[in-house]
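**Student:** Here you go, one structure.
Coordinate-derived values only; no laboratory data. Only a predicted model underlies this, so the values are computations on that prediction, with no experimental measurement involved. Reconstructed Cβ throughout: ideal geometry from the backbone, glycine too, with neighbour counts over all protein chains shown.
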């Protein structure tokens, strides 16, 4: 395992938690990268740390800033929708995955990692443009051309075409402690139960035939 280091983007949500445990199951030594970027749901940072520790993985918290905001997750003047909206929702953070993956690529090249794992998925999601398959193909091509070791670093999004229920079922088989994860965009003491993230989490557990340990309503 020491010869297979990987960087895992760990947000604290159930998708990134599942990817972390999947990477470990594939024999990678995981180095979790957790971003503190001023998100209103800062509770996910603590959850990410707990997940990294529970998996026995190293982790780093990287603090960055989006002073221009541009998202309901960064600007409290912008309301988090109470229902599913059409098109790109206000919770989209402009270029977030590009920025996160760029940091991960620099980190991966430095520690000679073999792969970068990200828990993005395209189905049953909120329509973020940086969660589409063509984006990850383009980023991998850029990484290969623009870094010294980019050609040997795989950009892996293994959940990309899986529905939420399949992700949750996979996570259960891998032993993911979903009780440590957080999905709500509002970041209050309890999940709001109505934002996009809460909706898709609840729907996923229901379709998987499982009870969400975080929210048993």
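**Student:** According to a simple spin-label model (label point 7 Å from Cα along Cα-to-Cβ), what is the distance in nm between residue 206 and residue 132?
**Tutor:** 2.9
**Student:** Could you work out the helix-only [θ] at 222 nm for the chain, with each DSSP H run of four or more residues adding -39,500 (n - 2.57) and the total divided by the number of residues, to the nearest 500 deg cm²/dmol?
**Tutor:** Dividing the helical sum by the residues of the chain leaves -11500 deg cm²/dmol.
**Student:** A further question follows. By average Cβ neighbour count within 10 Å, what is the ranking of 6-14, 23-31 from highest down?
**Tutor:** So the order, starting with the most tightly packed, is 6-14, 23-31.
**Student:** Compute the length gained on full extension between residue 141 and residue 173: take 0.36 nm times their separation in residues and subtract their Cα-Cα distance, giving the result in nm to one decimal.
**Tutor:** Stretched out fully, the residue 141 to residue 173 stretch lengthens by 8.3 nm.
**Student:** State, to one decimal in nm, how far the label point of residue 148 lies from the label point of residue 114, with both points 7 Å from Cα in the Cβ direction.
**Tutor:** Distance between the two pseudo-spin positions: 2.2 nm.
**Student:** Something else about it: On a C-alpha basis, how far is the centre of region 1-48 from the centre of region 177-217 in Å? Whole number, if you could?
**Tutor:** Cα centroid to Cα centroid, the span is 18 Å.
**Student:** Round to the nearest 0.05 the FRET efficiency obtained for residue 188 and residue 103 when R0 = 35 Å and r is the Cβ-Cβ distance.
**Tutor:** Between residue 188 and residue 103 the formula returns 0.80.
**Student:** Using only the alpha-carbon atoms of region 5-208, report the extent along each of the three principal axes, biggest first, to the nearest angstrom.
**Tutor:** If we take the Cα atoms of region 5-208, the spans are 45, 39, 28 Å.
**Student:** Highest mean first, how do 83-95, 165-177 rank when packing is the count of other Cβ atoms within 10 Å averaged over residues?
**Tutor:** By packing density, highest mean first, the sequence is 165-177, 83-95.
**Student:** Still on this structure, please answer the following. In nm, what is the difference between 0.36 nm times the number of residues separating residue 4 and residue 46 and their Cα-Cα distance?
**Tutor:** 12.5 nm
**Student:** Follow-up. Can you put 182, 68 in order, fewest other beta carbons within 10 Å first?
**Tutor:** Listing 182, 68 from fewest to most nearby Cβ atoms yields 68, 182.
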